[in-house]
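The values are calculated or read from the model by the stated rules, or taken from the named source; none is laboratory data. What you see is a predicted model; the values in this text were computed from it and never measured. For neighbour counting, all protein chains shown are included, and Cβ atoms are generated from backbone atoms with ideal geometry for every residue, glycine included. Just the protein is used for accessible areas: all its heavy atoms, side chains included, with ligands, DNA and RNA removed. Shrake-Rupley method; radii C 1.70, N 1.55, O 1.52, S 1.80 Å.
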Amino acid sequence: MDIPRIFNITESAHRIHNPFTPDKFATLGAALRLEPGARVLDLGSGSGEMLCTWARDHGVSGTGIDMSQLFSEQAKLRAEELGVTHQVKFIHADAAGYVSDEKVDVAACIGATWIAGGVAGTIELLARSLRSGGIILIGEPYWRQLPPSEDIAKGCLANSISDFLVLPDLISSFGPLGYDVVEMVLANQDGWDRYEAAKWLTMRRWLDANPDDELANEVRAQLTSEPKRHAAYTREYLGWGVFALMPR
């Protein structure tokens, strides 16, 4: 069980696998007013940066679930580095359908809502692990500005313009699902650069070390096309944020 190998290659040097930067996760942790001892569940936890830094900075405990063997191992190493192995654990598993044995104060899915078929399904899944009065966190893209054509939407790696909403509509969409939006922290273009541009050096060094690998041509094609694509499309049109929700 693992994610497609191309992601393990291109994001192998990432600590954060979305357009957030460390200061954004720090802002989010402070905004949620996390108390020592709060329990956090993170579905699609990647390399564990959110859980590990919150354990260090706020005294929370928690569990992260991720399908990538590499990212799960990196998360465990990060917990050791920050001295929080007694507070957090990371499980290499499919987060789809995962429900915590013990109710949690914060149930999060930061940028992996595909695990339950989209935002609505992921919120429903997270709610099964949430204690009364707890908070759900959803990380999701939105359009900073509507693409003027479907080709530009595809340049943002969307299937179509209808894949995402503009920010006011995304915020409004949580109400009919029965949730109040109680906080949000939004990525910026610098965050997109750190997520996307950091892949380029990783890909180049991987190509230098693995010229005969079966994925070398695919990695070379991405390294050739991705800098211009990101600058022309993702950076200009696509936003991303984490939204804190409480059941009404």
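A few notes on this one:
- Within the accessible area of region 151-248 (1.4 Å probe), percent carbon and sulfur: 51 percent
- Counting lysine pairs in the chain whose alpha carbons fall under 22 angstrom apart, excluding pairs fewer than 8 residues apart on the same chain, gives 8.
- Electrostatic bookkeeping for R131 treats Lys and Arg as +1 and Asp and Glu as -1; over the other residues with beta carbon under 12 Å from its beta carbon, the sum is +1.
- According to the calculation over all Cα-Cα pairs in region 145-248, the P(r) per 5 Å bin from zero is 2, 11, 17, 16, 16, 13, 10, 7, 5, 2, 1, 0 %.
- Annotation: amide H of V182 within the under-5 Å range of A244, L245, M246, sequence separation 5 or more or interchain, hydrogens built in the peptide plane.
- Charge tally in the Cβ shell below 12 Å around A75, where Lys, Arg are +1 and Asp, Glu are -1, A75 excluded: -2
- Short-range pairs are left out: with C-alpha atoms under 8 Å and at least six residues apart, the relative contact order of the chain is 22 percent.
- Rg/Rh for the chain, where both radii come from Cα atoms and Rh is the Kirkwood radius: 0.96
- Reducing region 78-108 and region 1-30 to their Cα centroids gives an inter-centroid distance of 16 Å.
- In the chain, the DSSP-assigned H stretches of four residues or longer account for a calculated mean residue ellipticity at 222 nm of -12000 deg cm²/dmol, using -39500 (n - 2.57) per stretch and the full residue count as denominator.
- Per residue, in Å², the accessible surface of the chain once ligands and nucleic acids are set aside, probe 1.4 Å: 47 Å²
- Computed lengthening from L215 to D2, 0.36 nm per intervening residue step minus Cα-Cα distance: 75.1 nm
- Relative contact order (%) - region 1-134, alpha-carbon pairs under 8 angstrom, separation at least six: 24 percent
- Surface composition of region 24-136: carbon plus sulfur atoms hold 49% of the accessible area, using a 1.4 angstrom probe and ignoring ligands, DNA and RNA.
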